[in-house]
Amino acid sequence: MSADLIQPFPSISPSTAVHLSQQAPQILQSSSSLSLPYPLSLLTSTETQETWMTYENLLISCLRTGDNEAARRCLDELLSRFGEKNERVMALQGMYEEAVAENDKELGAVMQSYEAVLKEDPTNMPIRKRRVALLRSMGKTNDATAALVELLDASPTDSEAWAELADLYFTQGLYSQAIYSLEEVLLIIPNAWNIHARLGEIAYISATSSESSDRGNTAKVLSDALRRFCRSIELCDNYLRGYYGLKITAKKLLDALPRGGKGAIATSDGDLPPPPVETVEKLHEIATSKLAEIVRRGSAGEKGWEGYDEAELIAARALLDKDEEKVER
Amino acid sequence: MGLLSNSLNLTGVIFLTHAVYSAYEHSLLTSSSSSSSSSGEITSLPLDITIETLLSLLVLCTGIVIGAPSLRPIQWAVWASSVEKEDHVSLEQRRALVEEKVRAGGTVGNPFAVLDQRNGFLDIRAKRREFADWVREGGAAK
């Protein structure tokens with residue numbers, strides 16, 4: 001059985017999806033051998049935990065590439081193994097129906113089936129999540145947010161749902177709510193370095209988008225972002241995303257901080273004051289040199305430095321080049 | 001590394017078996033000879049069998065230690081850095097990693113990447129549109 005279907009890359013590119021779904025015929029063929037009645041089938045079955053993970057991933061990548069027939073066969077295998085009442089399989093079936101629905105009427109029917117299931121059993125979390133996803137997909141962002149908040153009321157330790165809520169708020173431009181949701185994720189998983197970096201990114205975006213507001217507030221949000229990026233670097237050595245964010249944030253913060261007079265920014269009680277200018281300058285220097293090192297050694301493919309995303313390296317190099325140009329002028 | 005550890009283990013097992021068998025034979029020999037001479041004294045093992053036992057054990061231990069999988073980093077940041085990179089390697093490398101680590105009951109790549117990806121909330125219709133656009137732009141020709 002293919003290894004890359006057991007645990008595929010987190011973000012599947014279209015070409016990878018094609019590659020994955022092309023394996024469908026042979027995997028489906030290998031499964032449809034003879035099967036004995038129940039007690040005997042226990043002796044002959046060769047299924048492992050990975051078998052069903054493979055089917056699930058295959059189903060999703062077939063749906064992505066539009067291969068509905070193969071997806072249907074994967075789903076049938078899952079249905080015959082786990083039955084129609086299994087929550088996870090129910091959600092996968094719902095996803096299949098969403099994908100093959102051609103118009104809004106059919107999508108509405110899928111939505112009604114979700115609601116019927118939830119009326120019977122409101123604790124069916126996979127279906128509740130599908131319902132939120134479908135609402136979002138249909139453009140009803142407000143309804144999706146309300147449904148998700150309700151879900152989180154019932155299950156406040158679901159980090160995936162908090163992260164989704166943060167993304168929903170972020171797309172609506174509600175940055176402080178998005179930051180709050182991501183902080184909830186960090187309460188559940190305090191060491192997730194990518195969430196720290198994401199928090200820094202959202203704080204940075206919120207600081208740059210609200211140009212009109214007073215400098216003090218901008219500096220405060222930016223220094224929050226700076227701290228988030230620092231934490232993500234602390235948790236993950238040579239983290240390109242963290243250093244990139246640290247560099248642009250430090251640069252922006254140097255503009256926002258008042259020169260000379262220390263403590264000119266009034267802080268409301270309980271907040272940490274923004275870091276002194278010298279510290280920010282030092283952080284900027286460190287980030288620049290580290291980024292240069294990562295770009296140099298990462299694109300040369302040195303041992304221990306491989307495994308950086310090509311696009312990310314190019315973006316980092318562009319940032320460094322832009323910086324150099326300014327110095328020369 | 002695999003070959004070296006396997007050959008060391010094999011050598012160690014052969015010599016250990018030989019030493020044990022020699023000791024057994026020796027004990028038979030002394031017991032039969034001692035019964036004829038009717039003296040209850042316990043004779044010690046010859047020096048060469050003792051040395052063979054110890055050496056074979058040493059070889060066996062070395063082989064097992066060499067054959068052990070590489071240790072995982074104990075510092076969070078170092079470990080995080082190594083798993084972060086596993087998400088951006090080539091397809092072949094990824095396949096090898098999955099073979100090696102998932103079969104051993106582990107996971108590959110950043111375990112927190114699910115928070116960026118959120119499969120439970122996957123918007124399958126958007127993904128299908130994205131894929132169709134990619135095909136239209138001639139991505140399949142690659």
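Return a yes/no flag: does segment A:150-158 have any residue that is on the phi > 0 side of the Ramachandran plot, away from chain B (no Cβ under 11 Å) and among the small types (Gly, Ala, Ser). No, because not a single residue in segment A:150-158 is on the phi > 0 side of the Ramachandran plot, away from chain B (no Cβ under 11 Å) and among the small types (Gly, Ala, Ser).
Exactly one residue out of A:Lys290, A:Lys326 is assigned to a helix (DSSP H, G or I), of a type outside the set (Val, Ile, Thr) and open to solvent by 60 Å² or more (accessible area, probe 1.4 Å), and it is A:Lys326.
Scanning segment B:66-75 for residues that are under 16 Å from B:Asn9 (Cβ atoms) and either without any contact (Cβ under 8 Å) to a residue 12 or more places away in the chain or in contact with a Cys (Cβ under 7 Å, 6 or more places away or on another chain) (or both) yields a single hit, B:Ala68.
With respect to the conditions (1) more than 10 Å from chain B (Cβ to nearest Cβ); (2) closer than 23 Å to B:Arg129 by Cβ, A:Glu98 falls short on a single one, namely (1). The residues listed here are A:Asp269, A:Asp321; of these, the one that is of a type outside the set (S, T, N, Q), surrounded by fewer than 19 Cβ atoms within 10 Å (Cβ to Cβ) and at pLDDT 85 or above is A:Asp321.
On inspection, A:Leu182 fails the criterion of being assigned by TED's automatic domain parsing to the domain that holds A:Arg241, part of a helix (DSSP H, G or I) and open to solvent by less than 10 Å² (accessible area, probe 1.4 Å). Note on segment B:103-115: among residues that are at the interface with chain A (Cβ under 7 Å from one of its Cβ atoms) and in a loop (DSSP other than H, G, I, E, B), the one that is most open to solvent (accessible area, probe 1.4 Å) is B:Thr107. Among the helices (runs of 4 or more DSSP H) confined to segment A:50-138, the ones with at least 1 residues that are among the hydrophobic types (A, V, I, L, M, F, W, C) and within 24 Å of A:Thr16 (Cα to Cα) are located at A:68-82, A:87-100, A:125-137.
Scanning segment A:199-223 for residues that are without any contact (Cβ under 8 Å) to a residue 24 or more places away in the chain, outside any loop (DSSP other than H, G, I, E, B) and open to solvent by 40 Å² or more (accessible area, probe 1.4 Å) returns a single hit, A:Asn217. The residue list B:Glu84, B:Glu100 contains one member that is within 35 Å of the chain's Cα centre (by Cα), within 7 Å of chain A (Cβ to nearest Cβ), under 26 Å from A:Gly301 (Cα atoms) and open to solvent by 20 Å² or more (accessible area, probe 1.4 Å), which is B:Glu84. Among the listed residues B:Ile64, B:Ile49, identify the single one that is open to solvent by 80 Å² or more (accessible area, probe 1.4 Å), at pLDDT 80 or above, away from chain A (no Cβ under 14 Å) and touching a helix residue (DSSP H, G or I) at 6+ places or on another chain (Cβ under 8 Å). Being open to solvent by 80 Å² or more (accessible area, probe 1.4 Å), at pLDDT 80 or above, away from chain A (no Cβ under 14 Å) and touching a helix residue (DSSP H, G or I) at 6+ places or on another chain (Cβ under 8 Å) holds for just one of B:Ile64, B:Ile49, which is B:Ile64. If only residues of segment B:1-32 that are under 20 Å from B:Leu45 (Cβ atoms) and polar (S, T, N, Q) are counted, the one that is most open to solvent (accessible area, probe 1.4 Å) is B:Thr17.
Taking the criterion of being open to solvent by 50 Å² or more (accessible area, probe 1.4 Å), in contact with a helix residue (DSSP H, G or I) (Cβ under 9 Å, 6 or more places away or on another chain) and closer than 19 Å to A:Leu107 by Cβ, the residues of segment A:117-139 that qualify are A:Arg131, A:Arg136, A:Met138.
The values are calculated or read from the model by the stated rules, or taken from the named source; none is laboratory data. As the structure is a computational prediction, the values presented were derived from the model and not from experiment. So basically every Cβ, Gly included, is an ideal-geometry build from the backbone, and we count neighbours across all protein chains shown. Protein only, heavy atoms only, side chains kept; ligands, DNA and RNA dropped before computing areas. Shrake-Rupley method; radii C 1.70, N 1.55, O 1.52, S 1.80 Å.
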